[in-house]
Amino acid sequence: MGKRRRAAERKGVGGVRNTKVHPGVLGGAAAVVVVGVGAAAFALSGGAGSDGDGSSVDEKQVATGPPTAAEVRTTARAFLTAWAKGDVARAAALTDDRAAALTSLTSYRKDGHLTKPRLTPGRRAGATVPFKAAATVSYEGKTKPLSYASELTVVRRKSDGRTLVGWQPSVLHPELKRGDRLVTGEAGDPPIKAVDRDGGALTAAKYPSLGTVLDGLREKYGKKAGGKAGVELRVVRADADGKSASTSDSASDSATDSASAKKKDDAKALPDKTLLTLSPGTPGTLKTTFSGSLQAAAERETAKRQRASVVVVKPSTGEILAAANSNPGGFNTAFQGSIAPGSTMKVITSSLLLEKKLAGVDKKHPCPKYVTYGGWKFQNDDKFEIKGGTFRASFARSCNTAFISQAEKLENDSLTRQAQEVFGLGRDNWSIGVASFDGAVPVQSDAQMAASLIGQGGVRMNPLNMASVAATVKSGKFRQPYLVSPDVDDRELATAPRALSGSTAASLRELMHYTAVAGTAVEPMSGLGSDMGAKTGSAEVDGQKKPNGWFTAYRGDLASAAVVQEGGHGGDSAGPVVRAMLLAGG
């Protein structure tokens, strides 16, 4: 082996001194894997296993443990070389999921029209090898270069000890997830020029958090906005089952059935994404409800924090004025998050207790240190208690036991029906203009039902949902949030079967106002006037050192909610985000 290695080094095949280019042929054009100065060096023989790559496995001695540095280098080099040469069968055989890799690698050229791949590996970090990819996108006489960075990780197969590339679609391109494809051709959806409520242009460059939102708006309204499609390379997303969608069904074709449109909106967690435009289309103009000034403020506030998300809505209409996330290119937690809302849920629970006469704003209400229900022992933060206190005091201090103590007087589905019938939550029928999660308050029993009363258990919300809750309290009636007027596509907005009674709405506003001036929300709401109210929340999550911090509030005709995951107390983490929104709005 030593003689073969030295011979190989003299020929420039392996070793750190190798700076030669190894050409291959793909579609009649040169394709290369480059290993330059400063990059990891790879040997072409040994370590990558069998299946036609020139190596074999000793059946008597199966290697175990993490791949060695040499194995990582060799396996990665073999895979990249095969991919660059267009030998997709061999490249797929060098992965731990041959069938999936073969499908994706074949589609890379066939559907993506990507040729002449040039793959340049970087410095290995453990079992992971980053690399730069450069290819040419060619379609009907139109050609453009594409460059991007990706990475692969080498794993060891337990059955035979062979080292292989751990297959993920993101190896081909970092935007790809399971079932996604790269497709070049005439875009299924014409481009749009989205504008805010005042006619200002909305772009991902100016408002990073709107990237996925704008992609989603294009999918649904590209054809309706009157634009003309161009030729693009784009990521065609798979549906919720991981099945790749066709290139012609990415837009909602009918607006007459809002439930059907809603399901289609939510079939994909992320909308299709344009990576490269070979020839631009003609965009149609789409007016949204966003406020440019509020969106800018939301972007600034979330950018200051880790894992923060915020939404602002207009209670009198339901219009969405702003939405932002700390990770603007990732999952849209503001609209699609599914997270326990903690004590902000007590707004909904309080409406239930008030309607059932199980609580009154200034009536005596128990707030002991502990309450046991369904076999669980519940307690308050820092195990505080309020002796001889009222429901107003319990709400303002966010006393958990004040709510858990009423569980035995409620039916298992009481909270579910209240959330659905009054606040419009958990009915899976919102149609805001892009994909959204409409909240979930499942019917539960025993301890889980009790935990739901304080926003734990199976309850799941996001900032859009909780901003809507505050808006419903302010206006007294649920109005489905939306960011594109239903007049654009004649869709029907969701409604709630019943509104809050006048007395219940007034009591809730009184409770939230008192919390803002004398309770846990004092600091974030200080100096915001008299027409305002708020509720703090924190939600424990298994495996997290700190709970998720929540805050929801209204001021005048603005309502906002924010979550800072692992932020701790809501008043300290999410509260300042909401305060900034309420100030920015007027």
Could you pull out the residue among Ser351, Ser326 that is at pLDDT 95 or above, at negative phi and in contact with a Lys or Arg (Cβ under 8 Å, 6 or more places away or on another chain)? Ser326
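Let's see how each residue does on (1) out of contact with any strand residue (DSSP E or B) (no Cβ under 6 Å at 6 or more places or on another chain); (2) among the polar types (S, T, N, Q); (3) in a loop (DSSP other than H, G, I, E, B); (4) surrounded by fewer than 21 Cβ atoms within 10 Å (Cβ to Cβ):
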| position | (1), (2), (3), (4) |
| --- | --- |
| Arg427 | yes, no, yes, yes |
| Val434 | yes, no, yes, no |
| Asp438 | yes, no, yes, no |
| Ile454 | yes, no, yes, no |
| Gly458 | yes, no, yes, yes |
| Thr472 | yes, yes, no, no |
Could you check the stretch 409-421 and list, in sequence order, the residues that are in a helix (DSSP H, G or I), more than 20 Å from Ile386 (Cβ to Cβ) and either modelled with pLDDT under 95 or charged (D, E, K, R) (or both)? Arg417, Glu421
Can you pull out every residue in the stretch 289-327 that is of a type outside the set (Ser, Thr, Tyr) and part of a loop (DSSP other than H, G, I, E, B)? Phe290, Lys304, Arg305, Gln306, Arg307, Lys314, Pro315, Gly318, Asn327
Which condition does Glu151 not pass, out of (1) more than 30 Å from Pro66 (Cα to Cα); (2) under 25 Å from the mean Cα position of the chain (by Cα), if it passes all the others? (1)
Tell me yes or no: at least one residue of the stretch 334-351 is assigned by TED's automatic domain parsing to the domain that holds Ala435, over 21 Å from Ala419 (Cα atoms) and of a type outside the set (Gly, Ala, Ser). no
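The values are calculated or read from the model by the stated rules, or taken from the named source; none is laboratory data. Not measured: the values here are computed from a predicted model. We place every Cβ from the backbone using ideal geometry, glycine too, and count neighbours over all the protein chains shown.
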